[in-house]
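To start, the structure itself, in structure tokens.
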Amino acid sequence: MTTYDETNPYDETNSYDGTTERTFAAFPPAQGRGFAQTWWGQAWLKALEDTALDTRQVKTGRALARAGAVGAVSVRPGRITAVVQDRDRTPHRADVLLEQLSGEQWDRFLEMALERAGHIAALLDREMPPHLVEDAESAGVDLLPGLGDLEPECDCGAWDHCGHTAALCYQVARLLDQDPFVLLLMRGRSEQAVLDDLQARTAAPASVEAPARQEGVDAAEAFAAGDILPPLPALPELPEEPGIPPSLDTGTSAPPDVDPAALEYLAARTAAEAHRLLIEALRGQGAAEEELTIGQDAVRLALGDPGGAVAERLAAGSGRDAQELETAVRAWRYGGVAALSVLEEERTVEGEELARARAVLDAAWDEDERPSLSARGCRWTVADTRSQLRLGRDGRWWPYREERGRWVPAGAPANDPATALVSAEEAASTG
């Protein structure tokens with residue numbers, strides 16, 4: 001029996017009639033684990049969850065996928081296929097169809113990719129930056145599926161998404177996490193076909209005999225070319241680590257209003273932030289960021305674990321004590337400004353947002369497995385435990401645990417509250 005290793009998944013590629021098919025071995029059971037860790041994997045699952053009319057079938061599919069009931073997954077243009085076993089071991093062939101891109105759409109996508117080399121580099125690194133998808137949409141090409149784009153077919157006879165097609169979608173989300181080229185194959189072209197087409201488009205045209213060189217330069221041509229700049233030099237290599245600021249430990253005393261230790265720390269954090277921004281820019285991932293408040297910026301600066309008087313100044317500047325700053329830094333590490341807002345915000349969840357949250361909570365567990373939750377505002381606390389879930393404004397669930405009488409972040413957010421709760425319980429049991 002073939003086992004699945006996520007660091008080196010079994011992936012067999014076959015070609016027939018000009019069509020490429022990739023087959024991935026079955027996943028092992030994944031109890032308590034989220035199915036999508038990347039934003040594009042989560043977008044895939046959102047398309048499923050928004051399309052399915054029966055949330056119970058989505059819940060059943062998630063349970064089947066967690067139990068390892070999905071067999072080997074076949075991916076080919078326009079279709080994914082797998083055999084899914086019911087809880088009574090009855091096998092069903094499940095298919096999910098996704099419309100392929102037209103030849104014209106592929107042309108627009110590849111031309112867009114050539115204009116932004118960082119997009120191709122990201123795909124080869126098995127990443128799908130948001131700008132790639134946004135630029136493709138601007139070119140009239142939808143890479144990720146939307147509402148109604150995932151069309152189910154199953155031999156169980158269901159006309160909408162059933163537990164079998166939902167289970168298949170959940171497992172494919174894990175494949176997409178590891179390799180976004182799987183999505184491009186569903187849209188119509190294999191990785192090799194995409195790379196070959198790009199290479200063909202960038203290949204130099206056939207050489208032609210150069211005209212005989214004439215002495216001198218025509219004055220009109222020289223004048224017309226006068227404002228053309230020479231080509232830019234090649235980009236320098238990206239340093240592996242941020243630069244080290246010069247030491248301020250000199251024989252000269254600092255002015256009364258200058259703290260050398262704080263200034264050295266600020267310079268080091270600035271260098272680290274510049275290094276991060278440069279990496280994102282070279283990968284085509286740079287995006288305009290909202291300006292931070294003084295309190296938020298103090299937390300960001302404290303990521304370097306300053307200690308001593310610098311930490312005290314950052315805590316005072318952010319309006320927190322030392323322990324509160326430590327908790328805020330922990331939140332920032334899990335999700336930046338969004339995580340910090342969830343930590344500090346106490347808001348009322350009502351109306352449509354409350355109804356949606358309750359529906360997600362009801363669908364996350366079987367009836368006999370659902371924990372007892374008490375709600376207060378945007379926070380759901382598990383009875384008789386040290387675990388809590390917090391609902392962010394973006395609909396994601398953030399795990400929290402009780403530590404020394406305070407609620408602190410316990411992990412990254414998840415779309416599935418059951419997955420988030422597992423993180424909170426694991427953190428509480430090991431904290």
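Key figures for this structure:
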read-out	value
Rounded accessible area of residue 22 (nearest 10 Å², 1.4 Å probe)	30 Å²
Sites matching GluC sites (Glu not before Pro) across the stretch 363-404 that sit in DSSP coil, with at most 10 neighbouring C-beta atoms within 10 Å	367, 369
3J(HN,Hα) from dihedral phi, the stretch 292-300, Karplus parametrisation 6.51/-1.76/1.60, rounded to Hz, x for glycine, proline	7, 6, 4, x, 5, 5, 5, 5, 4
Accessible surface of residue 79 - all protein chains present, 1.4 Å probe, nearest 10 Å²	60 Å²
Accessible area in the full protein assembly, largest first, 1.4 Å probe, for 111, 273	111, 273
Gyration tensor verdict on the stretch 330-417 (Cα atoms; rounded if a/c is under 1.5, prolate if a/b is larger than b/c, oblate otherwise)	oblate
89, 320, reordered so the largest accessible area comes first (probe 1.4 Å)	89, 320
With all protein chains modelled, accessible area of residue 373 [1.4 Å, Å²]	50 Å²
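The values are calculated or read from the model by the stated rules, or taken from the named source; none is laboratory data. Computed from a predicted structure; not experimentally measured. We place every Cβ from the backbone using ideal geometry, glycine too, and count neighbours over all the protein chains shown. Just so you know, the surface numbers come from the protein's heavy atoms only, side chains and all, with ligands and any DNA or RNA stripped out. Shrake-Rupley method; radii C 1.70, N 1.55, O 1.52, S 1.80 Å.
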